[in-house]
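A short write-up of the structure that comes next.
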Amino acid sequence: MRSAARDALEGRRRGLRALLPFIGPAFIASVAYIDPGNYATNIQSGAEFGYRLLWVVLLANLMAMLFQSLSAKLGIATGRNLPELCRTEFSRPAALSMWVVSEIAAMATDLAEFLGATLALNLLFGVPLLIGAIVTGVITYALLALDRYGGRILEVVIGALVGVIAVSYLVETTLSHPNWGLVAYHTVVPWLHGPESVLLTVGIIGATIMPHAVYLHSGLTQDRIVGRDAGERKRIFRFELVDVVIAMTVAGLINMAMLYMAASVFHIGHSGVADITTAYRTLIPLLGGAAAFVFLVSLLASGLSSSAVGTMAGQVIMQGFVGFSIPVWVRRVATMLPTIIVVAIGVDPTRTLVISQVVLSLALPLPLIALVRLTARRDLMGTLVNSRLVSTLAVVCTAIVLLLNVVLLAQTAGLRIPLVG
């Protein structure tokens, strides 16, 4: 791969052959944008509000493209990842605080991913939930073990699982017959009304622009292909930008398909569908067993791939912020425990998934603020420093996340927000 990339940088490979060695990191990061938390928030949003929150999916995906490109650029320009830079460039109390919040977010991420795969195994094969959680842990550890044979193999496997999810939702789109006029309208016309729509809006953003994905992408690019000078680093970033656009577009289309499928099938007559299990069982009489089966296959692929990527991100976060890491199997076992507890005490899995995504959104501002500050520093970024336009867009997007979080907290405290009912 690195020799092919070198050929591309020196002009011996052109066109698609030049791009291929650089494709991969964004697809690994994109898995975080189509994890089971997205299923939970998108299904509930479509069932309850129809097509009205599609604009949130589009907005979240555009913001994700921006932040993932900045994260990738940070790794390429500095040769260090975002947690490492936070440790060296910010005060020790600030870095430790960020680490604690990031670990909480990582736990929420693992909870969503484990629950999704566990539910899929239960509904597909009748595997008890506790056993399914253990099976999920074993399979994801096996996926991570592929990294010993080279990162490219893991990228290909993760990319294949993303492909399974994409094909599954292409099938679901064909079977569910969405109203394309309403899809187009609500994709570009904003709408919010009432606290539940705000909760789901924050959940969609938390499920899309995920803190651990922001941290991880810089780690995936920091030493994957190293530029020898500023010119090569700029060319590497241009290739990586294409990778980001392709991967995030695929993830965005999948998220939109999740929501408009739920809107098309559940909103009229089944608007109370608010969990993955009910969605699966309701799909059988409405669209047939094939649609329900495809839905679960995509959920299983999502849970397994995102759980593996979440563990990778956890390693980057710990190593970067505090300078040490733990064996992958130890982290895998530790992150299984919240899921096992949730399953054992009988908490509603899908509601837990939605709340986990809100936790992620509340944890999101810290890495975004750090990323915007660091990528705006010429002494760190050199010629890849953000332009004024890019920095302005990043600040605006971060402010949107902060505003939505403030609204959510205010409503949780019982305060009435006039603009949202």
Exercise. Looking at this structure, is V157 more than 30 Å from I225 (Cβ to Cβ) and among the aliphatic types (A, V, I, L, M)?
Worked result: no
Exercise. Quick check, is F67 within 30 Å of R235 (Cβ to Cβ) and of a type in the set (F, W, Y)?
Worked result: yes
Problem set entry | Sole exception among (1) touching a Leu at 6+ places or on another chain (Cβ under 9 Å); (2) at pLDDT below 85 for A166, by number | (2)
Problem set entry | Out of H177, H212, H193, sole residue that is out of contact with any Pro (no Cβ under 7 Å at 6 or more places or on another chain) and at positive phi | H177
Problem set entry | Identity of the residue in segment 1-31, in a loop (DSSP other than H, G, I, E, B) and touching a residue at least 40 places away in the same chain (Cβ under 8 Å), that ends up surrounded by the most Cβ atoms within 10 Å (Cβ to Cβ) | G24
Problem set entry | Any helices (runs of 4 or more DSSP H) falling wholly within segment 172-289 and containing at least 2 residues that are at pLDDT 85 or above and crowded, with 17+ Cβ neighbours inside 10 Å | 180-188, 211-221, 230-266
Exercise. Being at pLDDT below 90, under 30 Å from A291 (Cβ atoms), in contact with a Phe, Trp or Tyr (Cβ under 6 Å, 6 or more places away or on another chain) and buried (at least 24 other Cβ atoms within 10 Å of the Cβ), is that true of even one residue in segment 140-151?
Worked result: no
For this session: Return a yes/no flag: does segment 304-325 have any residue that is within 30 Å of L283 (Cβ to Cβ), part of a helix (DSSP H, G or I) and in contact with a His (Cβ under 7 Å, 6 or more places away or on another chain).
Result: yes
Exercise. Looking only at residues in segment 32-42 that are touching a Ser or Thr at 6+ places or on another chain (Cβ under 8 Å) and part of a helix (DSSP H, G or I), which one is farthest from A160 (Cα to Cα)?
Worked result: A40
Exercise. Is one or more of the residues making up segment 32-49 more than 21 Å from the chain's Cα centre (by Cα) and surrounded by fewer than 22 Cβ atoms within 10 Å (Cβ to Cβ)?
Worked result: yes
Exercise. Scanning for something crowded, with 24+ Cβ neighbours inside 10 Å, in a helix (DSSP H, G or I) and among the basic types (K, R), does segment 70-88 turn up at least one residue?
Worked result: yes
For this session: Out of L62, L53, L66, L58, report the one residue that is modelled with pLDDT of 85 or more, surrounded by 24 or more Cβ atoms within 10 Å (Cβ to Cβ) and within 22 Å of the chain's Cα centre (by Cα).
Result: L53
Seminar exercise, completed: Within segment 104-144, residues within 26 Å of D223 (Cα to Cα) and free of Cβ contacts under 8 Å to residues at least 24 places away in the same chain come out as A142
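The values are calculated or read from the model by the stated rules, or taken from the named source; none is laboratory data. Every value quoted in this text rests on a predicted model; they were computed, and no experiment measured them. All Cβ positions, even for glycine, are placed from backbone atoms using ideal geometry, and neighbour counts span all protein chains on display.
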